[in-house]
Number of protein chains: 2
Amino acid sequence: MAGEGARVRRDPHRKRRIVHAAAELFAAQGYHGVGMSQLEKAVDLQRGALYHHIGNKEALLYEIAVSPLQEMVRLASEIAARIDDPEERFRELARAILVNVADNRHEWTVHYRDFGSLTGERLETVLALRGEYEQIWRDTLRAGIERGRFVAPDVDLTTRGILGMFNHTWLWLEPDGAVDPREIADRYCDLFLTGIRAG
Amino acid sequence: MAGEGARVRRDPHRKRRIVHAAAELFAAQGYHGVGMSQLEKAVDLQRGALYHHIGNKEALLYEIAVSPLQEMVRLASEIAARIDDPEERFRELARAILVNVADNRHEWTVHYRDFGSLTGERLETVLALRGEYEQIWRDTLRAGIERGRFVAPDVDLTTRGILGMFNHTWLWLEPDGAVDPREIADRYCDLFLTGIRAG
């Protein structure tokens, strides 16, 4: 990583790379187990520059916890706007989240493990984004029910059960595992779609 | 741990109560955010007695992370031995885990959030128990497939997807929520059983 600093200075992805490197370190050693000097070394920045780009350690934790979630909300909103058919919308939402989890496994590990260390507005934002994301899945289920395509006795509970199947993969999904995340997504969709199809 | 036998004999639930109180505190403030003196106050023991009953702080984290999981493995093994029908076995396994999550939500919160702070043999034991527990669900799926009752293209992936639905409830399941955990379990079983039924 030596010398990266100079190269990265003009790099628009700099913040993202800092967040990614910090996520890897936090995922390996725990948010509370990582000291500031270790962090500086991992992201190849001195303390002043690190504070300049990110802020303090909690701000960095926030960036790690919020980045993949923000991306998911953005992607899911785009999918919901683009795909009308509720089954196909579920499939695209599922593929998008499993690709995201595989690509950001360190971030999701830190997210679920350490979001409780966030405080105030940062914690509220993370929880609100989770709610927003869940809402997109809930609306998909509702859309299918309204068209007589799906049946679910309790929309909230069913949505949470379905989402659990995908969200819990942070614990084991390998980015270079034997099966492509998109294929896992399709299999999980086969599993739950059969359970909610009407008729 | 020397001498624990004698003391615990007079209050068999004492250790469990210590673990429960500590879990509540860790769940609220984070394992790393709780100091020893705060812990002593919460479990109403002085440091010497606390060390006598549990050991150090990591030993207490281990007890919290391992207790509900050990109970699940014990219960699930008993269910697997008792119930032959694979669908009914899944239903009982599902009810048992959701009741367990609802009853031990603090423990599961600490489990998923802080198991990464465990080291050496303690971490290995937790991971081995998780594997053992997953194996019981996998065997249930396999038993159903062998009898021509279930179909699953990839037993490992399907097992993990199904389990994710139940395990991820640590994040939101309320012990006194509107719906009984056993009923939630049945609904989730309806959801995935339809997806794996043969024919």
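Below are the figures for this structure:
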item: Residue check for B:HIS106: farther than 21 Å from B:CYS189 by Cβ, out of contact with any Phe, Trp or Tyr (no Cβ under 6 Å at 6 or more places or on another chain) and open to solvent by less than 10 Å² (accessible area, probe 1.4 Å); result: no
item: Check on A:THR159, more than 23 Å from A:ILE64 (Cβ to Cβ), touching a Leu at 6+ places or on another chain (Cβ under 6 Å) and open to solvent by less than 40 Å² (accessible area, probe 1.4 Å); result: yes
item: Residue match in segment B:119-133 (condition: part of a helix (DSSP H, G or I), at the interface with chain A (Cβ under 10 Å from one of its Cβ atoms) and under 29 Å from A:LEU193 (Cα atoms)); result: yes
item: Residues that are more than 8 Å from chain A (Cβ to nearest Cβ), part of a helix (DSSP H, G or I) and either farther than 26 Å from A:ALA198 by Cα or in contact (Cβ under 8 Å) with a residue 24 or more places away in the chain (or both), drawn from segment B:172-199; result: B:PRO181, B:ARG182, B:ALA185, B:ASP186, B:CYS189
item: In segment B:45-65, the residues that are touching a residue at least 12 places away in the same chain (Cβ under 8 Å) and more than 19 Å from B:THR125 (Cα to Cα); result: B:LEU45, B:LEU50, B:HIS52, B:HIS53
item: Hits in segment A:143-171 - residues which are touching a residue at least 40 places away in the same chain (Cβ under 8 Å) and outside any helix (DSSP H, G or I); result: A:ARG147, A:GLY148, A:ARG149, A:PHE150, A:VAL151, A:ALA152
item: A:GLY148 being surrounded by fewer than 17 Cβ atoms within 10 Å (Cβ to Cβ) and over 29 Å from B:TYR112 (Cα atoms); result: yes
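Quick grid of which residues meet (1) touching a Pro at 6+ places or on another chain (Cβ under 6 Å); (2) open to solvent by 10 Å² or more (accessible area, probe 1.4 Å); (3) at pLDDT 95 or above:
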| position | (1), (2), (3) |
| --- | --- |
| B:ALA96 | no, yes, yes |
| B:ILE136 | no, yes, yes |
| B:PRO153 | no, yes, no |
| B:ALA185 | no, no, yes |
| B:CYS189 | no, no, yes |
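Quick grid of which residues meet (1) under 22 Å from the mean Cα position of the chain (by Cα); (2) open to solvent by less than 20 Å² (accessible area, probe 1.4 Å); (3) at pLDDT below 85:
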| position | (1), (2), (3) |
| --- | --- |
| B:VAL8 | no, no, yes |
| B:PRO68 | yes, yes, no |
| B:SER77 | yes, no, no |
| B:PRO86 | yes, yes, no |
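The values are calculated or read from the model by the stated rules, or taken from the named source; none is laboratory data. Not measured: the values here are computed from a predicted model. FYI the Cβ positions are ideal-geometry reconstructions off the backbone, even for glycines, and counts take in every protein chain you see. Please note that ligands, DNA and RNA were not included when accessible areas were found on the heavy atoms of the full protein model with its side chains. Shrake-Rupley method; radii C 1.70, N 1.55, O 1.52, S 1.80 Å.
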